[in-house]
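The values are calculated or read from the model by the stated rules, or taken from the named source; none is laboratory data. Keep in mind that what you see is a predicted model, and the values were worked out from it rather than measured. Note: ideal-geometry Cβ built from the backbone for every residue, glycine included; neighbour counts use all protein chains shown.
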Amino acid sequence: MEKELKQRELLLEVANKLRWKIGENVHDLILESIYKHAEEIASAVTKRKVGVQKFDFDSFIDRIVTNKWTGFPIMFLLLAIVFWLTIVGANYPSSALSFLLVDTIHPLLRKVAEYFYFPWWLKGILIDGAYLSMAWVISVMLPPMAIFFPLFTFLEDFGYLPRVAFNMDAIYKKVGAHGKQALTMSMGFGCNAAGVIAARIIDSPRERLIAIITNNFSLCNGRWPTQILISTIFIGSLVPSYLAGLISAGVVVGVAILGVLFSLIVSWFLSRTLLKGEPSAFSLELPPYRPPKILQILYTSLIDRTLLVLWRAVVFAFPAGAVIWLVANVNINNLSIAEHFIRWINPSAVFIGLNGVIILAYIIAIPANEIVIPTILMLTVLTTKLTGFGAGAGVMFELENISDIEYLLKAGGWTTLTGINLMLFSLLHNPCSTTIFTIYKETKSFKWTAIATFLPIVLGILVCFLVTRLWYILF
């Protein structure tokens, strides 16, 4: 049909040029013939509604979820429900896995090592270090991903996520990015590595890079426990007890929203400096709503996303656990390597409102954010010499009673300012090793991998410094 239309356009052009030769009557006959044929073509490829129009489910829903007044509240509500189900639903399987892998199998492996007369250092490296790190990652990381990714894939398969991209397109276009970056950011709330992989849906290489570099500002599931715990201890305690839970939750949500804001700011910065360019045209075809395919959702979310990301995290966590045990147990001049480093870095860390324990924890816990809190607790006991906590130097642990964690952290010199800055630094720090590896796999570039790794650190240090200076001015 396109060929026929082009032929008729050409005929019309010739007719106009020869109009003075063929006369008005012949010219009008040609025009009439062209318009008649065009009407036949239009009738063949379109459907006209005659009489009473039938109810269109897709159009009805789209008028609500893509409306400028209702679209964003619905989007935030659905994401909030997904986050709530993920956090609440993961508590029970996480506790069960922790009981199995940490509380049951870990002591059993220690007994097996003692039975076979393992040297103390080999038992420490393999069981108290490598195995325990892997066990923490699995117990904390697996349940949230196993809940978040199926829910996210459900919304994707149902057809809602393209509407999210449609709603966010105007905002991302203003900062020189792509509307589909909203989808990669949302995926990053489950796992930043998965969010980086999801950037494949963006066709423009420039805009894909922006999405990859800024995905770390999505608060992944490995950082939610840190945010919730620190907010409960240092923010919830500032208000009456009946408001503590609500205020703590609100602060955590605020940090997550702050991450989205930073992603927009950094996207704007990149699109005007390192990755200059105009946002590409975004023609998005909204697919029809359809019943989700449950088996396909489970396969895509659990096999292609959850297990793939978990395997990469475990591969990096195993050697990291060995390093954690070594730095806590290898002594130089009666002090462990960890204590030497903490004493050296502490003045600089305190200057930006943190402390040496936090800095070292984030360095040696690069393989997975899930082991940050157990590492902080272990290092705090190591430096304060408190007794009654943990199972020895280099052995990560957690405490069920929040008041015990609060006592331990405050004994290590933590203040409200330390807690606030830790929440900000948890949001604005380097990606985990799994995400860094995934960034390199996706970009095939050391340059962009380095930028994606160090840009958040620089931003995190700067923000903590500014908050600390402001804190001292106000208080």
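Quick notes on this structure:
- Pairs, first without any contact (Cβ under 8 Å) to a residue 12 or more places away in the chain in segment 461-475, second part of a helix (DSSP H, G or I) and among the hydrophobic types (A, V, I, L, M, F, W, C), C-beta under 9 Å, six or more apart: Y472/L417; F475/L417
- Residue list for segment 134-153, filter: in contact with an Asp or Glu (Cβ under 7 Å, 6 or more places away or on another chain) and under 13 Å from V102 (Cβ atoms): W136, V137, V140
- Within segment 265-322, considering residues that are hydroxyl-bearing (S, T, Y) and closer than 20 Å to F152 by Cα, the one farthest from the chain's Cα centre (by Cα): Y289
- When restricted to residues that are of a type in the set (A, V, I, L, M, F, W, C) and surrounded by 20 or more Cβ atoms within 10 Å (Cβ to Cβ), segment 425-454 contains 7.
- A single entry from E370, E400 fulfils the requirement of being touching a Gly at 6+ places or on another chain (Cβ under 7 Å) and among the charged types (D, E, K, R): E370.
- Some residue of segment 338-354 being over 21 Å from the mean Cα position of the chain (by Cα), surrounded by 21 or more Cβ atoms within 10 Å (Cβ to Cβ), of a type in the set (V, I, T) and under 16 Å from G412 (Cα atoms): yes
- When I233, I228, I247 are screened for being in contact with a helix residue (DSSP H, G or I) (Cβ under 7 Å, 6 or more places away or on another chain), more than 28 Å from T434 (Cα to Cα) and modelled with pLDDT under 90, only I247 passes.
- Taking residues in segment 336-356 that are touching a residue at least 12 places away in the same chain (Cβ under 8 Å), and partners anywhere that are part of a helix (DSSP H, G or I) and among the aromatic types (F, W, Y), the pairs with Cβ atoms closer than 8 Å and at least 6 places apart or on different chains are F351/F465; I352/F465; G353/F465; G353/W471; L354/F425; G356/F341; G356/W344.
- Of residues in segment 103-142 being over 18 Å from V330 (Cα atoms) and in contact with a Leu (Cβ under 7 Å, 6 or more places away or on another chain), the one surrounded by the fewest Cβ atoms within 10 Å (Cβ to Cβ): H106
- Those residues of segment 112-148 which are touching a helix residue (DSSP H, G or I) at 6+ places or on another chain (Cβ under 7 Å), of a type in the set (F, W, Y) and more than 17 Å from L308 (Cα to Cα), in sequence order: Y131, W136
- Hey, E406 in a loop (DSSP other than H, G, I, E, B), acidic (D, E) and within 28 Å of the chain's Cα centre (by Cα) or not: no
- Test for I138: is it within 18 Å of V372 (Cβ to Cβ) and part of a helix (DSSP H, G or I): yes
- Contacts under 6 angstrom Cβ, first residue in segment 285-302 being at negative phi, partner basic (K, R) and assigned to a loop (DSSP other than H, G, I, E, B), 6 or more apart: none
- A search for C-beta distances below 8 Å between a residue of segment 85-114 that is under 23 Å from M145 (Cβ atoms) and of a type in the set (V, I, T) and any residue that is outside any helix (DSSP H, G or I) and at pLDDT below 90, counting only pairs 6+ apart in sequence or on different chains, returns T86/G190; T86/N221.
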